1. Placing +1 at every Lys and Arg Cβ and -1 at every Asp and Glu Cβ, with all other atoms neutral, what dipole size does the chain have around its Cα centre, in debye to the nearest 20?
2. Can you bin segment 5-383 into rounded, prolate or oblate? Criterion: square roots of the alpha carbon gyration tensor eigenvalues sorted a ≥ b ≥ c, rounded for a/c under 1.5, prolate for a/b above b/c, oblate for the rest.
3. Spin-label point model (7 Å from Cα, Cβ direction): what's the Glu80 to Asp242 distance in nm?
4. I want to check the label-to-label distance for Ala256 and His226. Put each point 7 Å from Cα in the C-beta direction and report it in nm to one decimal.
5. To the nearest 0.05, what FRET efficiency results for Arg264 and Glu344 with a Förster distance of 22 Å applied to their C-beta separation?
6. Can you classify segment 55-113 as rounded, prolate or oblate using the Cα gyration tensor, where a ≥ b ≥ c are the square roots of its eigenvalues, rounded means a/c under 1.5, and otherwise it's prolate if a/b beats b/c and oblate if not?
7. Count the net charge of all other residues whose Cβ sits under 13 Å from the Cβ of Val158, scoring Lys and Arg as +1 and Asp and Glu as -1.
8. Please list the non-local residues whose amide H lies under 5 Å from the amide H of Trp205, H modeled 1.01 Å from N, same-chain partners needing a gap of 5 or more.
Amino acid sequence: MSELTFHWFLPTNGGDGRHIVGGGHGAQAPDAGTRAASVPYLGQIARSAEQLGYVGALTPTGAWCEDAWITTAMLSSVSERLKFLVAFRPGLISPFLAAQMAGTFQNLSGGRLLLNVVTGGESHEQRMFGDFLDKDERYARCGEYLEIVRALWTGEVVDHEGRYFRLENAQLNQIPDPLPQLYFGGSSPAAIEVAARHVDVYLTWGEPPAAVRAKLDAVRRAAEGHGRELRFGIRLHTIARDTAEEAWAEADRLLAGISEEQIRQVQAGLRRSESEGQRRMLALNGGTKDGLEIHPNLWAGIGLVRGGAGTALVGSHQQIADLIEEYASAGISEFVLSGYPHLEEAYHFGEGVLPELARRGRWTHPSPSRVPATVVPFAAAAAR
């Protein structure tokens with residue numbers, strides 16, 4: 001059995017709190033988080049995540065987020081090992097500048113940059129950034145963009161005249177070492193084609209395992225058509241507790257904090273989304289508080305008021321480990337997780353589920369300097 005990789009999330013899109021922070025992906029949040037997305041608080045999350053054994057932390061992108069590049073650059077100085085899965089939108093800055101920024105970040109942080117390529121599923125939001133291409137054209141531009149960036153990262157002199165970009169005698173001095181891994185999500189045929197040709201890790205949102213398996217099979221076939229092999233990851237929330245009863249009580253508490261007016265307001269915005277993945281998330285919750293356990297221990301309540309990833313793993317540590325293994329058998333090897341509040345939930349999962357997965361041989365703490373929990377300091381000396 002192969003080992004699995006786990007990442008956490010930095011809540012720069014509205015802050016954090018003890019209730020679901022909604023909005024995003026085409027909908028304005030009805031309520032902001034009670035914990036601001038400050039460097040001290042996000043630094044707490046980052047340091048806790050690396051101590052617990054998460055490899056990286058996703059930072060989102062969008063009009064309602066703090067800028068991911070600047071935020072993570074600041075956080076890299078208050079953490080030591082944690083990598084940053086920086087979400088960025090190709091086309092909003094030149095490919096040469098993006099390649100240069102990535103090289104600088106990678107080299108100055110000691111190789112702690114991962115990149116999440118977000119093509120942008122909402123035309124009205126893209127226009128806020130001055131981008132007036134339609135969705136299919138954004139994907140076509142994304143493919144051309146990534147081709148240029150990868151060539152620059154390898155030290156090539158790039159002369160390029162394409163549909164969207166023109167570069168002359170472009171050569172990068174800031175070659176990243178190692179090359180940043182490219183993560184990418186999207187459910188439309190155009191998105192799958194970009195993933196198949198250009199990225200390292202394909203990300204999906206948390207649908208039931210059978211649906212995830214079917215999607216991954218389609219992406220895998222597309223990648224094989226280009227002679228490539230991808231890794232696969234999934235974006236989920238978590239509510240992990242010692243017992244199933246405690247976990248579902250927390251899910252019920254979160255649900256009780258959502259009003260019918262909030263659901264109506266956010267769902268109306270989300271239904272305007274151009275994202276195929278967002279459409280699939282909406283279909284899972286149906287815009288109602290009823291029937292939200294869509295697969296054993298998979299709960300769709302988050303997506304009632306939050307765009308993007310809308311499902312959560314809910315249950316005891318053992319039950320959640322079982323569901324993670326279901327996803328692993330479908331082809332998932334990386335998990336990008338979050339929970340409310342993000343600081344406390346990082347510990348619930350990290351001190352409950354990760355040790356359970358370690359006992360099953362599915363996870364090892366990524367820090368080689370970490371003292372195993374089974375070692376008792378000075379035990380040998382005391383025995384003498």
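Every read-out reported here was derived from the displayed coordinates using simple, explicitly stated rules and does not represent laboratory data. Since we're looking at a predicted model, the values are computed, not measured. Note that we place each Cβ from the backbone using ideal geometry, even for glycine, and neighbour counts take in every protein chain shown.
1. Result for the chain is approximately 320 debye, rounded to the nearest 20.
2. oblate
3. 3.0
4. Distance between the two pseudo-spin positions: 4.9 nm.
5. After rounding to 0.05, the efficiency reads 0.15.
6. oblate
7. -4
8. It is Arg235, by chain and number.
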